[in-house]
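Please read the structure below before turning to the comments.
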Amino acid sequence: MKLKIITALSLVPLVFIVLTALTGGEVQVSGRVFSDRPEIAKCIMLVKVVAKKGNKVLAVGHDLLDTTGVYKLMIKSLPSQQTPVDIYVAGLGIDTMYIKSYPSFSANAISLNIPVPNVYTKDDKGTVICPKCGSSADILPVKYGAHHRIKRIIHNGDTTYVPLDHNIPSEMYSELHPYWYCNKCKIQF
């Protein structure tokens with residue numbers, strides 16, 4: 001009897017490997033893009049959800065969402081420690097906004113509901129923290145329009161210019177746009 005149980009238990013990893021090979025390691029990330037604010041909720045259909053690994057787009061959840069904000073991504077390329085799978089929202093007249101990274105997937109079906117506007121975490125000083133690297137050191141506010149603020153630093157006769165914000169040359173702005181930019185990760189959130 002014990003031999004049968006041990007034999008059956010040893011087959012479990014084999015079955016998992018075979019199923020993974022047959023499905024190609026495909027993972028489904030699905031959920032809903034939503035807002036508690038009615039004026040934003042009516043614009044949800046302008047949003048699409050995108051999965052990227054590095055600069056390569058892996059999956060796009062519909063071209064645009066319906067009014068309920070439901071999306072589904074089928075991701076075939078699994079993350080690695082060097083290159084996680086990143087989830088973004090983007091859309092018509094909306095800048096690409098970082099949501100979350102997956103260095104690995106714990107299941108074949110992942111649920112991810114996305115609140116809009118984005119929810120920001122702050123450190124003890126009240127500075128926004130990057131959701132990807134967890135640092136507040138290199139965060140710039142996103143500014144829309146033709147203006148561009150820089151700081152001139154003169155040190156030992158050398159002049160350098162440091163941006164005080166991340167400028168997007170667009171007059172179009174809504175609360176669906178990102179508010180912050182991480183200069184280290186090169187993401188808007």
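Observations on the structure shown:
- When nucleic acids and ligands are ignored and a 1.4 Å probe is applied, GLU39 ends up with an accessible area of around 90 Å².
- ALA109-LYS186 pseudo-label distance in nm [points 7 Å out on the Cα-to-Cβ vector]: 3.7 nm
- Sites matching trypsin sites (Lys or Arg not before Pro) across region 77-127 that sit in DSSP coil, with at most 15 neighbouring C-beta atoms within 10 Å: LYS125
- 28 Å Cα-Cα threshold exceeded, pairs from LYS143/LYS184; LYS48/LYS125; LYS72/LYS143; LYS48/LYS132; LYS122/LYS184: LYS48/LYS125; LYS72/LYS143
- Within the full protein context, the accessible area of THR96 is estimated at about 60 Å² for a probe radius of 1.4 Å.
- Counting only heavy atoms of the protein chains and using a 1.4 Å probe, SER106 has close to 120 Å² of accessible surface.
- Region 52-140 shape via C-alpha gyration tensor axes, a/c threshold 1.5: oblate
- Label point distance in nm, LYS125-TYR179, each placed 7 Å from Cα along Cα→Cβ: 1.9 nm
- HN-Hα J in Hz across region 109-123 - Karplus 6.51, -1.76, 1.60, θ = phi - 60°, x for Gly and Pro: 10, 10, 9, 9, 8, 10, x, 10, x, 4, 9, 10, 9, 10, 7
The values are calculated or read from the model by the stated rules, or taken from the named source; none is laboratory data. These numbers were taken from a predicted model, which means no experiment stands behind them. In this analysis, Cβ positions are derived from the backbone assuming ideal geometry, glycine residues included, and neighbour counts consider all displayed protein chains. Calculation scope for accessible area: heavy atoms of the full protein, side chains included, ligands and nucleic acids excluded. Shrake-Rupley method; radii C 1.70, N 1.55, O 1.52, S 1.80 Å.
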